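Undergrad: One structure is given below, represented as structure tokens, and several questions about it will come after.
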Amino acid sequence: MILPVFLALVGGVYEFGFFLYQEQLVTSGVDDAARYLAISSDPRNVATQADVKNLAVTGMLNGGEPRVHGWSTSDVTVSVDSVDNTAGTYRGGATIRLVTVSTSFPAQTLGFLSLLHLTVPTISASHQERVVGGSAPAQG
């Protein structure tokens, strides 16, 4: 009588741990990508943004296997925004540029959630950095 409850508990803990592992990989990828874009010479460059999407998903600028199964560059959003700083609220010039890299996609599960007829969780992550520019190596 206790065995089914115990197995359900163990399966749930294992599935939850796998989800947290995937979420950590995605968060690391988004953080790496935003930092790289913040130190690039031209964060608005389309080629640089494509490289950054590859960096987020695969860990490499040229692409490769995704860090998390089911995650692709089409799930990654990159934006470069300007913030008015004429009042001098922040240290720096009159305009501060910020890069934001974000993603959201359905997580791959081990199958335990579907056995319980639960919906698949979504992995979402976002990271924002201030543009400092100029020191990221150029791709060619």
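Read-outs: derived from the displayed coordinates by stated rules, not from any lab. Since the structure is predicted, the reported quantities are computational estimates derived from the model, not experimental observations. Heads up, the Cβs are rebuilt from the backbone with ideal geometry, glycines too, and the neighbour counts pull from every protein chain shown.
Undergrad: Helix 2-38 versus the longest principal axis of the chain: what is the Cα-based angle in degrees, 0 to 90, to the nearest 10?
TA: Taking the Cα atoms of the chain, the angle to 2-38 is about 10 degrees.
Undergrad: Which label marks the calculated value of Rg/Rh (Cα atoms, Kirkwood Rh), given the options (1) 1.14; (2) 0.94; (3) 1.03?
TA: (1)
Undergrad: Counting Lys +1, Arg +1, Asp -1, Glu -1, what net charge surrounds TYR90 among other residues with beta carbon under 13 Å of its beta carbon?
TA: After counting each charged neighbour, the total is +2.
Undergrad: Now a separate question. Starting from the Cα-Cα distance between VAL83 and HIS117, subtract it from 0.36 nm times their residue separation and give me the gain in nm to one decimal.
TA: Here the answer is 7.7 nm.
Undergrad: Can I ask one more? In what sequence, highest mean first, do 105-114, 23-32 appear when ranked by Cβ atoms within 10 angstrom?
TA: 23-32, 105-114
Undergrad: May I pose another question? What net charge is computed for the residues neighbouring GLY64, neighbours being all others with C-beta under 13 Å from the C-beta of GLY64, Lys and Arg scored +1, Asp and Glu -1?
TA: Spelling it out: positives minus negatives among the neighbours equals 0.
Undergrad: Further question: If neighbour count is taken as other Cβ atoms inside 10 Å, put ARG67, ARG44 in order from fewest to most.
TA: Placing the least packed residue first, the sequence is ARG44, ARG67.
Undergrad: On to the next question. Do you know the relative contact order of segment 2-130, to the nearest whole percent, from alpha carbon pairs under 8 angstrom that are 6+ apart?
TA: Computed over segment 2-130, the figure is 26 percent.
Undergrad: How far is helix 46-58 tilted, in degrees, relative to the longest principal axis of the Cα atoms in the chain, given as a value from 0 to 90 rounded to the nearest 10?
TA: Roughly 30 degrees between the two axes.
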